[in-house]
Every structure is written in C-alpha cells, then in structure tokens.
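Novice: Attaching a single structure in structure tokens format; questions to follow.
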Amino acid sequence: MAEATFRVFRGDKNGGEEVEYTVPVTEGMVVLDVIHHIQGYTDPDLACRWNCKAAKCGSCSAEVNGKPSLMCKTRLDHLPLDRPVTVHPLKAFPVIKDLATDVSWNFEVNKKIKPFTPKPDTDWVMYQPDVERAQEFRKCIECFLCQNVCHVLREHDKHDNFIGPRFLVRVASLEMHPLDNGNRLEYLKDEAGIALCNITKCCTEACPEEIHITDNSIIPLKERVVDEYYDPLMRLLRKFFGKK
Amino acid sequence: MANSVGSLESKSKGFGATQRSDLWWLQPAATFAALGLFVVYATVAAFLAPGPVTWSPNEAASSALDSHTYLSPFYSPAWLFSLGNSIGFPYPVFAILWIPLGFRMTCYFARRTYYRGIMGDPAACAVAEFASRNYKGESKFPFILQNLHRYFLYFAIMLVVFHWFDIFHAFRSVDAAGNHEFYIGIGSIVLFADALFLTLYVFSCHSIRHLLGGGSKCFTCKDGTEKATHKTWGLVTKLNAYHGLFFWLSLFAVGFADFYVRVLVGHLE
C-alpha cells in the first residue's frame, strides 16, 4: 500500500513543533482521514476539531501545505505526496492544542453587529429579486478560513480594529435585506474598520462555499460608505431627493 | 510512526515566508512584469511625441487633426490635448492621461493587482509580508483617495464616448481633394478593439454596479413591481464577473493601439 509523509503541528499557545507521521494512503482519502488515522493508530492525543466531514460544519479548518483549507475537503490526490505534507492550525487565532484554535474572538465580534432591525409596522412581504442578493451570504459555514487568510488579521494583527471578511459578509446580508431598517454605515467606517481592507481577495479565494466575499459584500459596503462619507455629490442628491 | 522534526520558532519569519509549496510567486511576478512593462512604455511614449500621434493613408492629411484616420488612444480626445497645449502644459498629453491613470489606479481590481504584484501587501495569500502594526489600509492618505474612484468613473465614461468617436475616423480616409471615403485597415480593427475593451472595462466597474442599482435597499419595494435598477444592476453584475479580464484586455489593447500607430508614423524607427 502506498504511503505518504505528513508533518503535523503538535503544541499549544506556548509553542510547538512539527511531528512527522507516515500514513498509508488509500483512494479517496482526505487530510482529515489522515488525522483520524494518526489519532487511531499513533497519537490518540492529537487534538483536532471536526464534526460533519462533509464541508458543511466549518470545524476542521487548518493550513494544509500552507493553504487555509477544510481538512475534510482536501483530497490527497490533489496534493504532491512525493514530499511531506504540512498540516498546521489556523495562524490568525491562538492555538489551544495541536490543530484546535480558539476562535471565540469571532463570536465576540458578532455580538457587536446591530442585528436585523425592521420598521415597527413592517409588512412582512418580500419578493425574490430583493432577497436573492443576500441569499448567497447565508451559505457561510463559519469556518473562519477567510478570517485566517485575511492579512489584516493574520499579518497585521488588527483584531481590535477590524472585524474581518466573515463579519463584513454578515453586515452586507443585513444591509441588503429589504426589510431591514438599521443603519450600520457609521459602525462600518469607525468600528468595523472596513477601510483597512485593501481588497486583495484572499478571503474569496479561501472560501470553501465559494461566496464572492469581496465583489458581492465588501466592495458594495465600501461603496455605501463612500455614498455616506466621501461623495459630496451623492450627499447633495440625498438632500434634494431624500434618502435612497 | 512519529518523529519530531524541530521547533516551529525557527521557521517562517520575514517577507515572503510561507509554508505554501505551490508556485505562489508566479502571479505577483507576472503582474509586476506586465504592469511594469506598460508603465515604462506609456511613460516613454507620453514624453516621446510633442503632438498627437495620428496617421492617414493620405500623407498630407495625417498631420491635420480633423482629417486623420488613426489617432493614438493616448491622445484621445484630441481637443483635450489641444486645450492642454493652449494653457501651457509642458506635456499636454497629461491633460488626457490623468483620466485613465486615475480610473485604473483607483479601480477595485487594479488595487488588488498592484497591492499584490507591486507592493507585496500581501504578495499572495498566506504569504508573509512586511508586517507592521502601523498598517492603515485605505483609511489614511494617500490610499483614502481610492474613495474617489466613482469620480474618475464619470470622466472615464466620457473617454469611452470619445474613443468611439475616433473609431468613426478610423474607418474613413480623406483623399487629396478632401473627400471622405470608407477605409479599413489593421489599425481600424486595433482601434476598434481598444474602444470595445475600454467600454467593457468601464461598464463592468464595481462603482457603476453600485450606482446603477446595487446601492438600493431593494429592487421591488412597496408594491412588488420590479424597478429598472434591478435590470441594470443585473446586467452590470454579469459584466462585473469579467472585470479583471477586461482590465487586462483594455490595458493591452490601448498599449498595442498606441504602439501600432507609432509604427505607422515611424516614431519607433
């Protein structure tokens, strides 16, 4: 039976090391199978978060050969197995143990976003053309790969000033909701730090659900912020013709 | 079997550090080369000719602005060049070039391209850069000026109109007696391609997508009747999916069109 070598991060928040494992490879295997094999036959204390093994729960996010990926969706026959494959935890978040990271910062950020806010006397009728834009954002499985790959968080460590692509997607889904009456533009500019995003599209490339994060949520939000704060012509039009 | 292969602390620090094993550097390197080539060519070309670069099959007519067949797109619209000349611009071509330069520099796709390919911020996804806690993104000068993109868009739309007007000239010639007749040459096709790709690039822009409906809270509010903005937004959305392709095609087309007209005129001999 064919074998492949994997270098898996073992450690915690204080540091760690790569440990090399040799694992038998069978047809159809994914990286998560390798981790389960290691747990079953070599190191039962190897920590890893997983649940559905169907790319829908967003739990098994890691960095395979340096690329943020879902381990359950990364097939071995798509990897070069002639050299060791590295499996590391998400870099943008603190390691708890081995491949499990503490992503609780994301849940704290989520609480600060103004929730869905309908008008008091809302007529609860919606039409498909109005809701279809935001439906794409509902596909998000909160794997946080976009947060991990975003260089504002990953490299510049701006967790205090920037909410990251996942939550810009959430704000976009609310801002584009036809029955929402909340205004999050000031929040976007001053607290969410949307201007820190320099649209390098890594979040879009990393998204396993293929949400067009940059084109369909971040850029439209940036344009709305421009409408409100940087476009005197639009401000003048709003004054004469009322709010869009 | 498990073997320790060393602490991680000794690894992956500094610009370009990554665990990626694919050819991640290829795209930023190609971008750097392509953008660099265009910038060098456009700068040299802009300083090369004192007047608009025009060509006509009838040599007597080639220098007359109102009777040219081919006009290099760098000098379109010619009247703006003349205006720049009359108010004493040392290089009147810059009375025109600030429009495409401003539009492209603030374009969302171009920003992604040069942040990655030129500034390495980051060069590629999950690749280390010059990490700094002073990173300001587009929140401070000069990058806060990216918010002016829609104003450059308005001028770029005017530029599109003038490029199509030049296509009208590119398909006709003036004989010695001053009579206009239909003409078609390779340059006519080249200039047509330039106008076409510029149009597709401008009208697939993210700002125009927002202004033509994307900024609306809803498309059918109140009575369920679909507004025209849903159709315009839908059309631009379809084009927008290819915005990056149009960026490169139009960049190549405008450069090649200028090069072709210069070859005909003999500037590059």
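The values are calculated or read from the model by the stated rules, or taken from the named source; none is laboratory data. Everything quoted here is computed from the prediction, not taken from an experiment. Glycine also receives a Cβ, built like all others from the backbone with ideal geometry; neighbour counts cover every protein chain displayed.
Novice: Across segment B:185-207, what is the number of residues that are assigned to a loop (DSSP other than H, G, I, E, B) and either within 19 Å of B:F74 (Cβ to Cβ) or more than 14 Å from chain A (Cβ to nearest Cβ) (or both)?
Specialist: Applying the first criterion (assigned to a loop (DSSP other than H, G, I, E, B)) to segment B:185-207 yields B:185, B:203-205.
From the residues that got through so far, the ones that are either within 19 Å of B:F74 (Cβ to Cβ) or more than 14 Å from chain A (Cβ to nearest Cβ) (or both) too are B:185, B:203.
The qualifying residues number 2.
Novice: Do the conditions hold for B:C107, that is, is it within 14 Å of chain A (Cβ to nearest Cβ) and over 27 Å from B:R150 (Cα atoms)?
Specialist: On the way: within 14 Å of chain A (Cβ to nearest Cβ): yes; over 27 Å from B:R150 (Cα atoms): no.
It is false that B:C107 is within 14 Å of chain A (Cβ to nearest Cβ) and over 27 Å from B:R150 (Cα atoms).
Novice: In addition: Among the numbered conditions (1) in contact with a Pro (Cβ under 9 Å, 6 or more places away or on another chain); (2) more than 9 Å from chain B (Cβ to nearest Cβ), tell me where A:V131 comes up short.
Specialist: A:V131 satisfies all of (1) in contact with a Pro (Cβ under 9 Å, 6 or more places away or on another chain); (2) more than 9 Å from chain B (Cβ to nearest Cβ) except (2).
Novice: Now, a different point. Please find, within segment B:211-255, the residue that is nearest to the other protein chains (Cβ to nearest Cβ) out of those that are under 27 Å from the mean Cα position of the chain (by Cα) and assigned to a loop (DSSP other than H, G, I, E, B).
Specialist: For segment B:211-255, the residue satisfying everything is B:G215.
Novice: Can you tell me which condition A:M126 does not meet? The list is (1) assigned by TED's automatic domain parsing to the domain that holds A:D190; (2) assigned to a helix (DSSP H, G or I), and all the others hold.
Specialist: Failing condition for A:M126: (2).
Novice: Which one of these does B:A177 not meet: (1) surrounded by 21 or more Cβ atoms within 10 Å (Cβ to Cβ); (2) among the aliphatic types (A, V, I, L, M); (3) at pLDDT below 95?
Specialist: Every listed condition holds for B:A177 apart from (1).
Novice: Out of the helices (runs of 4 or more DSSP H) lying entirely within segment A:190-244, which hold 2 or more residues that are of a type outside the set (S, T, Y) and more than 7 Å from chain B (Cβ to nearest Cβ)?
Specialist: Working: elements: A:202-206, A:219-225, A:232-241.
In segment A:190-244, the matching helices (runs of 4 or more DSSP H) lie at A:219-225, A:232-241.
Novice: Quick one: in segment A:20-45, of everything that is assigned to a loop (DSSP other than H, G, I, E, B) and of a type outside the set (S, T, N, Q), which residue is surrounded by the most Cβ atoms within 10 Å (Cβ to Cβ)? Give the derivation first.
Specialist: Of all residues in segment A:20-45, those assigned to a loop (DSSP other than H, G, I, E, B) come to A:25-29, A:42-45.
Then drop every residue that is not of a type outside the set (S, T, N, Q), which leaves A:25, A:27-29, A:43-45.
On the way: A:V25: 16, A:E27: 8, A:G28: 9, A:M29: 18, A:D43: 16, A:P44: 8, A:D45: 8.
Taking the candidates together, the pick is A:M29.
Novice: So, one more: Could you count how many residues in segment B:95-126 are hydrophobic (A, V, I, L, M, F, W, C), part of a loop (DSSP other than H, G, I, E, B) and more than 11 Å from the chain's Cα centre (by Cα)? If you could, list the steps in order and put the result at the bottom.
Specialist: Restricting attention to segment B:95-126, the residues satisfying the condition of being hydrophobic (A, V, I, L, M, F, W, C) are B:95-99, B:101, B:103, B:105, B:107, B:109-110, B:118-119, B:123-126.
Retained after the next criterion (residues that are part of a loop (DSSP other than H, G, I, E, B)): B:107, B:118-119, B:123-126.
Checking the rest, the ones that are also more than 11 Å from the chain's Cα centre (by Cα) come to B:118-119, B:123-126.
Residues flagged as hydrophobic (A, V, I, L, M, F, W, C), part of a loop (DSSP other than H, G, I, E, B) and more than 11 Å from the chain's Cα centre (by Cα) within segment B:95-126 amount to 6.
Novice: Still on this structure, please answer the following. Would you mind telling me which numbered condition in (1) at negative phi; (2) out of contact with any strand residue (DSSP E or B) (no Cβ under 9 Å at 6 or more places or on another chain) A:N181 fails?
Specialist: (2)
Novice: Consider A:A4 carefully, then state whether it is away from chain B (no Cβ under 12 Å), under 24 Å from the mean Cα position of the chain (by Cα) and small (G, A, S).
Specialist: Working: away from chain B (no Cβ under 12 Å): yes; under 24 Å from the mean Cα position of the chain (by Cα): no; small (G, A, S): yes.
When the stated conditions are applied, A:A4 does not pass them.
Novice: For segment B:79-101, name all the residues that are of a type in the set (A, V, I, L, M) and surrounded by fewer than 21 Cβ atoms within 10 Å (Cβ to Cβ). Step through it out loud before you land on a result.
Specialist: Initial filter on segment B:79-101 (of a type in the set (A, V, I, L, M)): B:80, B:83, B:87, B:93, B:95-97, B:99, B:101.
Across segment B:79-101, the qualifying residues are B:L80, B:L83, B:I87, B:A95, B:L97, B:I99, B:L101.
Novice: Something else about it: Can you tell me which of A:F116, A:F137, A:F93 is of a type in the set (A, V, I, L, M, F, W, C), outside any strand (DSSP E or B), outside the structural domain of A:I163 (by TED's automatic domain parsing) and within 27 Å of A:K189 (Cα to Cα)? Can you show your working first?
Specialist: Working: A:F116 fails: outside the structural domain of A:I163 (by TED's automatic domain parsing); A:F137 fails: outside the structural domain of A:I163 (by TED's automatic domain parsing).
Being of a type in the set (A, V, I, L, M, F, W, C), outside any strand (DSSP E or B), outside the structural domain of A:I163 (by TED's automatic domain parsing) and within 27 Å of A:K189 (Cα to Cα) holds for just one of A:F116, A:F137, A:F93, which is A:F93.
Quick grid of which residues meet (1) within 26 Å of the chain's Cα centre (by Cα); (2) of a type in the set (D, E, K, R); (3) modelled with pLDDT of 90 or more:
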| residue | (1), (2), (3) |
| --- | --- |
| B:E9 | no, yes, no |
| B:T18 | no, no, yes |
| B:V40 | yes, no, yes |
| B:P52 | yes, no, no |
| B:A61 | no, no, no |
| B:H68 | yes, no, no |
| B:Y75 | yes, no, yes |
| B:A78 | yes, no, no |
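Novice: Report yes if A:C48 is more than 24 Å from A:H159 (Cβ to Cβ), part of a loop (DSSP other than H, G, I, E, B), more than 14 Å from chain B (Cβ to nearest Cβ) and hydrophobic (A, V, I, L, M, F, W, C), otherwise no. Steps first, please.
Specialist: Details: more than 24 Å from A:H159 (Cβ to Cβ): no; part of a loop (DSSP other than H, G, I, E, B): yes; more than 14 Å from chain B (Cβ to nearest Cβ): yes; hydrophobic (A, V, I, L, M, F, W, C): yes.
When the stated conditions are applied, A:C48 does not pass them.
Novice: Suppose the filter is under 24 Å from A:P118 (Cβ atoms), modelled with pLDDT of 95 or more and facing chain B (nearest Cβ under 10 Å); does A:N181 pass it? Give the steps one after another, and end with the answer.
Specialist: On the way: under 24 Å from A:P118 (Cβ atoms): yes; modelled with pLDDT of 95 or more: no; facing chain B (nearest Cβ under 10 Å): yes.
The answer is no for A:N181.
Novice: Let me ask another. Which one of these does A:L81 not meet: (1) aliphatic (A, V, I, L, M); (2) within 12 Å of chain B (Cβ to nearest Cβ); (3) out of contact with any helix residue (DSSP H, G or I) (no Cβ under 8 Å at 6 or more places or on another chain); (4) more than 24 Å from B:C125 (Cβ to Cβ)?
Specialist: (4)
Novice: Any chance you could count how many residues in segment B:223-251 are within 30 Å of B:F47 (Cβ to Cβ) and in contact (Cβ under 8 Å) with a residue 60 or more places away in the chain?
Specialist: 4
Novice: I've got another one for you. Could you give every pair whose Cβ atoms fall below 9 Å, whose first residue belongs to segment B:174-198 and is at positive phi, and whose second residue is small (G, A, S), counting only separations of at least 6 or pairs across chains?
Specialist: B:G178/B:A61; B:G178/B:S67
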